[in-house]
Every structure is written in C-alpha cells, then in structure tokens.
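Accompanying notes for the structure given below.
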Amino acid sequence: MTGRSVLLIDQDQLFGAALGTLLGEDSFQLLPPVPSVEEAMKVLRDIAAPDLIMVDPWGIDPPRVASELRRLRAAAPQTRIAVLTSDTSNSVLKASLFAGMDGHLSKSSGVATLRDALELILAGDAVFPPRAAALVAQAQQPQGPTPADLVAATADLSRREIQILGCLLAGQSNKSIARRLEITESTVKMHFKNVMRKIGAQNCTQAAVWAIQRGIGPLS
C-alpha cells in the first residue's frame, strides 16, 4: 500500500522522530518535520499537498494560535489538518474548532488510539474531544442576531435544511433525524451534503458553529 504523506509541525524533534517510526509501520509516510507554521508554508510551496498535516501550536503566542491555524488551513485547503498537542486548554481547542481544523488530538493518546483517529480524519470525519461540543454550544455572536439577520443568514437554506442543522445541534444521528423528520436516511444525507456546500463547511463541527453563530438552535 502506498503510504499516506504526513507533514508534522512540531518543535519537539524527538517526538517527531518517534512518531515517524510508529506511523511508518501503518502505511503513513512522515515527511521531514518542520518546527513552525512559517517553515511549513515554505515546504507547502515546494511540494505536492500532503494527505495530512499535524500541528502542535506549542510555542506560538496564545493570541496568534487561531490566526496561525487559519493561515495553515488557507495554505492547504484540500489537506486534512489535525492539531496534535499536549496542551489541554480550552483556548487551544477553541482555536482548532474555529480555524477549520479536522481534528484535535492529544499527544498522550496511545498509539492505537492515535492511529485510529488519524484514519478517521483521513476518511473525512471530524475528531475532537467530547468537551468540544460544549464549547461549540457556548459560541455566540457579541450581540444576538435579529430576526432579519437570521432570515438573511439562512436565505439560501430551505426550511428542511434548517431543520437538519437543528437536529445536528441536538446531537442526533442520521437515523434519529430521519425518524424525527419522517424522511429516509439517504434523504438526510442528501440534505447534509447540500447544507455543507451552501455554507462552505468542511465537517459537521464547522456546520454547527455556523448554525449557532446565526441563531439556529437545537431541534429536540
């Protein structure tokens, strides 16, 4: 099997070497690690986009973490990107969520757990710790949207698509949504696909953030 290319952004060279050895056993091909987002930008200009980027924000000034992650996201829009860090603070997790990362993983995870998480991310899933849901639910605009704002923000979404977003915020599965709205699971998936395209979201977490920021609440 051809190895999936992985770029690691981490100041800890020893960790990078160890990770390369471990992932190399599972059809991952770790590119030479770089110590900063700035160095990663140079690498990304000279090579084909890797399949996966893992970044540890340690060493970045806290106020700049989100902007640096967004910068990385913009430089590799088609690449799956995950934060891999030992920093357990909510501030870094929030930065991951709102900068469009595809996952937020802990360096303290076991090898098997990390491997499984990376496979899920590469398959298109979003992988975040359970507390991420609470942080997304707390996300609010400085001032609540007016009814006119809400109409304008969701003008391109159908009533059914707004319902789908409400069910997503309620944490319902496709099967539960289908039963709740009396439609088929395939129809639910079709609506999800249309919603993600219309709002420019790359995963369910980004869709949830978009919905909450526009005043759409959970549909119980």
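The values are calculated or read from the model by the stated rules, or taken from the named source; none is laboratory data. Predicted model, so just to flag it, every value in this text is computed and none were measured. Don't worry about glycine lacking a Cβ; one is built from the backbone with ideal geometry, like all the others, and counts go over all protein chains shown. Side chains included, ligands, DNA and RNA excluded: accessible areas come from the protein's heavy atoms. Shrake-Rupley method; radii C 1.70, N 1.55, O 1.52, S 1.80 Å.
Results, tabulated for the structure shown:
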quantity	calculated
For Asn203, distant residues with modelled amide H under 5 Å away	none
Antiparallel DSSP beta bridges within the chain, percent to nearest 5	0 percent
Heavy-atom accessible area per residue - segment 1-134, 1.4 Å, Å²	49 Å²
Percent accessible area from carbon and sulfur atoms, the chain, protein chains only, probe 1.4 Å	54 percent
For Ala99, distant residues with modelled amide H under 5 Å away	none
Theoretical gain in end-to-end length, Met196 to Asn90 [0.36 nm per residue, Cα-Cα removed]	35.6 nm
Dipole-positive endmost among Ser109, Ser89, Val136 within segment 11-143 (Cβ charges, Cα centre)	Val136
Sites Ala74 and Ser173, calculated FRET efficiency, Cβ-Cβ separation with R0 45 Å, nearest 0.05	0.90
Average Cα contact separation per residue, the chain, under 8 Å, 6 or more apart, as relative contact order %	16 percent
Per-residue HN-Hα couplings for segment 55-66 [Karplus 6.51, -1.76, 1.60; θ = phi - 60°; Hz; x = Gly/Pro]	10, 9, x, 4, x, 8, 3, x, x, 9, 4, 4
Vicinal HN-Hα couplings computed from phi for segment 198-206 (Karplus, 6.51 cos²θ - 1.76 cosθ + 1.60; Hz; Gly/Pro x)	5, 9, x, 8, 9, 7, 5, 4, 4
Lys, Arg +1 and Asp, Glu -1 on Cβ, resulting dipole of the chain about Cα centre, debye, nearest 20	880 debye
Solvent exposure, largest accessible area first (probe 1.4 Å, DNA, RNA and ligands not counted), of Met101, Met196	Met196, Met101
Sites Glu182 and Ala133 - FRET efficiency at Förster radius 45 Å, r taken between beta-carbons, to 0.05	0.95
Of Thr184, Pro33, Pro50, farthest towards positive along the dipole that unit charges on Lys, Arg, Asp, Glu beta carbons give the chain	Thr184
Built amide H within the under 5 Å cut-off of Leu84, gap 5+	Val55, Asp56, Leu105
Per-residue ³J(HN,Hα) for segment 93-98, Karplus 6.51 cos²θ - 1.76 cosθ + 1.60, θ = phi - 60°, Hz, x for Gly and Pro	5, 4, 4, 4, 4, 8
